[in-house]
Structure formats: structure tokens, C-alpha cells
Amino acid sequence: MGSETLGSQTLESRDRPEVEDLAGNQGRQEPLGVPESPELDASEPPPPMPEVPHFSSELGQEERVALKRVLMAMLFASTEPLSASRLSEAAGISVAPIKELLQELREDSLKPEAVFELKKHGDGWRLYTKEEFYPYLVRLRSLKKVERLTPAALETLAIIAYRQPVIRAEIEAIRGVKVGPMLRALLDRKLVSIVGRAPVPGAPFQYGTTKTFLERFGLQSLEELPSLAEFQQGRI
């Protein structure tokens, strides 16, 4: 089970409910609407390194402040600990003042008004959100952005909403295609859930909509779903 780091705490990723062979190894499958990343042309030369302001070997007060801001920006943007030598190379200045300023930043990060704490791990330095903010980060993480569903996923969701509890084979019979990827997408978004097993050979999973489905579509109950007659009459 994977994990994500928030500050000095670790959040375990939520377990995904058991799903019946949603990979759909046979038959036609439909994409989830996520484009593949374009491949990079290895023959193309890498882009040139951008020019950076030059820091003198003897740092004045203004340069010290400016360099500390540069270090904070690099530490904030990095997803891994950064060594003093790597920071030195990126900033274009010798290692000695970098090490000195890292210690100053460490002391600054311990002040009550600081949001991040700078910690050293081996040869590297990394910023961490202070523990006092951990509950807010947990809440923020739970408020996931609702991703737009593809037409295929919406069609699958509509079948489940109107025919629930329904098994995968029934959905595929109506749509005429494999719906494993669509079911997984809907399960991941908590719009549908496994509500039981059908009393037929193999006892396949039955799917139904969730409270999240009602909330996302502004419904108090399933009784508020538009009738099929309203669709046929073009009133929806």
C-alpha cells in the first residue's frame, strides 16, 4: 500500500475495494480520456541552462538575504533532499557560504512564525510542514477535485443509477462494450460502490450509486432522478 508524506507525518493511501477483474483483458475497451505523455526525442539537445544573477565571493548583507531567498525557493520546489554542493552548483557560488546560510535558515525555521521546518537528512536538506498544520493538510487532501467524467463513464453511471443493483454483465450487455475501466473510474471517484452479490452462478458483484453521487448531482434521493419519459420527450 502506497503512502504520501505531508510534513513530517505520513498518510497511507486509501485501500481500493475489491473489484472483479476490471482490467478486462479481452474484448474492446474504452479509454478513460487521459492522454498519454508525448515521448521525448532523444536526438534533440537539452535546452540551455538559464542565466542566473552572479553572487560575489564576499557576500554583502543584501546578497546574503537574496541568496537565502534563492535557497528557500529551491528547497521548496524540490521533492527530495538537496545537498549543499548541489545547491552551490545551482546558485553558482562556492559551498562554504551555502552551508552557512543553510544553518541560518534552519534556525529561522524553528521560530514560531515559520510554517516550514528545515531538516537535514544525511548530506541533504529538506523543508517539512510543521506538525501543527498536519490536521489541515489531511482535510485538504480529502477535498479532492472532481474530475470531469468521459461520455462513456457517464453512460455507465446512468445505467447503474437507473438499473441498480446491477452486475457488470448487465451493463456490458446494454452498452455492448467492456466496462471494466469505466467501473474502476467510478469506484475511484466514490460515485458507485459494490452493494452486494447477485444470486446467480458465480455470485458476481452488484453495483449501485453512493451518497457522493447524490451530492455531486444535487439530488436528495434516487427518486429525484429524471424519468426515462422525460428524456424521451426532450424535457432534459
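Observations on the structure shown:
- Residue match in segment 220-228 (condition: in a helix (DSSP H, G or I) and either hydrophobic (A, V, I, L, M, F, W, C) or buried (at least 16 other Cβ atoms within 10 Å of the Cβ) (or both)): yes
- E132 meets each of the listed conditions (1) closer than 30 Å to R106 by Cα; (2) surrounded by 11 or more Cβ atoms within 10 Å (Cβ to Cβ) apart from (2).
- Pairs meeting the criteria (first residue in segment 171-197 and farther than 18 Å from T210 by Cα, second residue part of a strand (DSSP E or B) and at pLDDT 95 or above, beta carbons under 7 Å, at least 6 apart or on different chains) are lacking.
- Residues of segment 146-160 include at least one that is in contact with a Phe, Trp or Tyr (Cβ under 7 Å, 6 or more places away or on another chain) and closer than 22 Å to S193 by Cβ.
The values are calculated or read from the model by the stated rules, or taken from the named source; none is laboratory data. These figures come from a predicted structure and were not determined experimentally. All Cβ positions, even for glycine, are placed from backbone atoms using ideal geometry, and neighbour counts span all protein chains on display.
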